[in-house]
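Here the structure comes first, spelled out in structure tokens, and everything after it is commentary.
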Amino acid sequence: MKKIAILGSTGSIGTQTLEIVRSNREELEVAALAANSNVTLMEAQIREFHPRIAVMWSAEAAAQLRVRVSDCQVRVLQGMEGLLEIAVMPQAQVLVTAIVGMIGIRPTIEAIKAGKDIALANKETLVCAGHIIMPLARERGISILPVDSEHSAIFQSLNGEPAGRISRILLTASGGPFRGWNRERLAGVQVEDALKHPNWAMGRKITIDSSTLVNKGLEVMEAKWLFGVEPSQIQVVVHPQSIIHSMVEYIDGAVIAQLGVPDMKLPIQYALFYPDRRKMENNRVDFYKLGGVTFEEPDMETFYGLKLAYQALERGGSLPTVYNAANERAVALFLERRIGYLQIPELIQRCMEHHTAVEHPDVEEILAAEQSVYDYIKGLV
């Protein structure tokens, strides 16, 4: 029986992870759950999966949850202290990091130190702290198992191949709902428009990020750390059908790809059971109906958030943190209808230009860089 802890259990990845558990109860058990503030859903998860510990980020939510589940055998904790206790609890072998934001960094570090494998769905962990996380994981002999569909596809395409044979990583992108649009058309984009992804069902923030191609920029940064390649070896390819989830080109010119329907449960299950594959009652690719697949070069002038990601990655230091934090705040402001759609990459660029990069930042310096970005944007907006 493999026991798992889930950070971000009420979000899109967290709920789908619990679907995998629900289908594999004889082999998977939930030891702990953590979420932000959705008390109603967390209560339902506690009653179904019986975790030892439940954590709410919000103190108010934690207080409400304690009352609601007072009849259950569960400890309800709050905030970072609770997340860190989950990270090191001896009853879990795998930590699923599906929580949003840089609050995922410290629990991931502590879980690695405690000898736990990481099923990674928190982008900020590697975007901002890849230089800390990956050497630590290698030192402790810990597996970082990517849950993101593109990185899982790359991970699967690397199986059985000798190290050091990668020529390029071909990171696919759907292009989002505004593929082919120019800046004039984008100027009128409203929140409802940007939340209509053509292929994937995701949370609100990542759906906006996909529409701006910033999400692909974050994935480029993650790929560098996960697979030990240079930014110049990572090429984004727009693939509107979202059937090829990513590819690896080797030094002899061979390209190996992983294909499947757009369904996050497949990479989640693969991470939880790696290196085994388990049967899944999901949709299959019907190649007769599919007919064909197409590929395009991304428009990094119109969607220049992707270009900014490469610039931040090349410069390194604390600049990727600035990129991530600026985007996080800009997307929140857009969802609140306080800025326009085109202001998202504008704010990212202004924050990057304003920042003086710190080389090899530690966790405290990463968090300080994040706060400096929030303060700077507050003065602008």
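The values are calculated or read from the model by the stated rules, or taken from the named source; none is laboratory data. The structure displayed is predicted, hence computed values, not measured ones. As a convention, Cβ positions derive from the backbone with ideal geometry for all residues, glycine included, and neighbour counts pool all protein chains shown. To get the accessible areas, we keep the full protein, side chains included, count just its heavy atoms, and leave off ligands, DNA and RNA. Shrake-Rupley method; radii C 1.70, N 1.55, O 1.52, S 1.80 Å.
Segment 55-164 holds helices (runs of 4 or more DSSP H) entirely within its bounds, and those carrying 2 or more residues that are free of Cβ contacts under 8 Å to residues at least 40 places away in the same chain and surrounded by fewer than 24 Cβ atoms within 10 Å (Cβ to Cβ) map to 59-68, 79-88, 105-113, 123-140.
Considering only residues in segment 297-306 that are over 19 Å from the mean Cα position of the chain (by Cα) and under 23 Å from residue 343 (Cα atoms), the one that is surrounded by the most Cβ atoms within 10 Å (Cβ to Cβ) turns out to be 303.
Within segment 179-197, residues that are under 29 Å from residue 263 (Cα atoms) have Cβ atoms under 8 Å from residues that are in a helix (DSSP H, G or I) and not polar (S, T, N, Q) in these pairs: 191/334; 191/335; 194/208; 194/334; 195/204; 195/208, counting only partners at least 6 apart in sequence or on another chain. Just for segment 107-141: of the residues that are among the acidic types (Asp, Glu) and modelled with pLDDT of 95 or more, which one is nearest to residue 272 (Cα to Cα)? Per the stated criteria, the residue is 117. Does any residue of segment 281-296 turn out to be surrounded by 16 or more Cβ atoms within 10 Å (Cβ to Cβ), touching a helix residue (DSSP H, G or I) at 6+ places or on another chain (Cβ under 9 Å) and either in a helix (DSSP H, G or I) or touching a residue at least 40 places away in the same chain (Cβ under 8 Å) (or both)? So far as segment 281-296 goes, no, none of its residues is surrounded by 16 or more Cβ atoms within 10 Å (Cβ to Cβ), touching a helix residue (DSSP H, G or I) at 6+ places or on another chain (Cβ under 9 Å) and either in a helix (DSSP H, G or I) or touching a residue at least 40 places away in the same chain (Cβ under 8 Å) (or both). Scanning segment 338-381 for residues that are over 24 Å from the mean Cα position of the chain (by Cα) and either within 18 Å of residue 194 (Cα to Cα) or without any contact (Cβ under 8 Å) to a residue 12 or more places away in the chain (or both) yields 338, 339, 340, 353, 356, 375, 378, 379. When you scan segment 327-346, do you find a residue that is touching a His at 6+ places or on another chain (Cβ under 8 Å) and surrounded by fewer than 22 Cβ atoms within 10 Å (Cβ to Cβ), even just one? No: segment 327-346 contains no residue that is touching a His at 6+ places or on another chain (Cβ under 8 Å) and surrounded by fewer than 22 Cβ atoms within 10 Å (Cβ to Cβ). Residues of segment 5-20 being free of Cβ contacts under 8 Å to residues at least 60 places away in the same chain and crowded, with 20+ Cβ neighbours inside 10 Å, which ones? Passing the criteria: 10, 18. Output yes when any residue across segment 325-339 is touching a Phe, Trp or Tyr at 6+ places or on another chain (Cβ under 8 Å), at pLDDT 95 or above and over 23 Å from residue 125 (Cβ atoms), and no when none is. Yes, segment 325-339 has at least one match.
Of the candidates 96, 39, the single residue that is over 28 Å from residue 144 (Cα atoms) and touching a helix residue (DSSP H, G or I) at 6+ places or on another chain (Cβ under 9 Å) is 39.
I'd like to check something: does segment 36-45 contain any residue that is open to solvent by less than 80 Å² (accessible area, probe 1.4 Å), more than 24 Å from the chain's Cα centre (by Cα) and either closer than 11 Å to residue 10 by Cβ or modelled with pLDDT under 95 (or both)?
Within segment 36-45 (the criterion being open to solvent by less than 80 Å² (accessible area, probe 1.4 Å), more than 24 Å from the chain's Cα centre (by Cα) and either closer than 11 Å to residue 10 by Cβ or modelled with pLDDT under 95 (or both)), the answer is yes, since at least one residue qualifies.
Do we have any residue at all in segment 306-314 that's in a loop (DSSP other than H, G, I, E, B) and of a type in the set (Ser, Thr, Tyr)? No, that holds for no residue. Of all residues in segment 232-254, none satisfies being among the small types (Gly, Ala, Ser), under 14 Å from the mean Cα position of the chain (by Cα) and open to solvent by less than 20 Å² (accessible area, probe 1.4 Å). Taking the criterion of being under 12 Å from residue 173 (Cα atoms) and outside any helix (DSSP H, G or I), would at least one residue in segment 203-211 satisfy it? Scanning segment 203-211, I find no residue that is under 12 Å from residue 173 (Cα atoms) and outside any helix (DSSP H, G or I), so the answer is no.
Among the residues of segment 353-367, write down those that are part of a helix (DSSP H, G or I) and loosely packed, with under 15 Cβ neighbours inside 10 Å. Before the answer, list the steps.
Going residue by residue through segment 353-367, those that are part of a helix (DSSP H, G or I) are 353-354, 363-367.
Answer for segment 353-367, where residues must be part of a helix (DSSP H, G or I) and loosely packed, with under 15 Cβ neighbours inside 10 Å: 353, 354, 363, 364.
Please verify whether residue 377 is in a helix (DSSP H, G or I) and among the β-branched types (Val, Ile, Thr), treating the condition exactly as stated. Answer is yes for this residue. Those residues that are of a type in the set (Ser, Thr, Tyr) and closer than 15 Å to residue 297 by Cβ, I need them from segment 159-178; list them, please. The answer is 172, 174.
Scanning segment 165-198 for residues that are open to solvent by 20 Å² or more (accessible area, probe 1.4 Å) and either assigned to a helix (DSSP H, G or I) or under 27 Å from residue 116 (Cβ atoms) (or both) yields a total of 5.
Does segment 261-276 hold any residues that are within 18 Å of residue 4 (Cβ to Cβ) and open to solvent by 30 Å² or more (accessible area, probe 1.4 Å), and which are they?
Pass one, segment 261-276, residues within 18 Å of residue 4 (Cβ to Cβ): 264-276.
265, 266, 274, 275, 276, listed by residue number.
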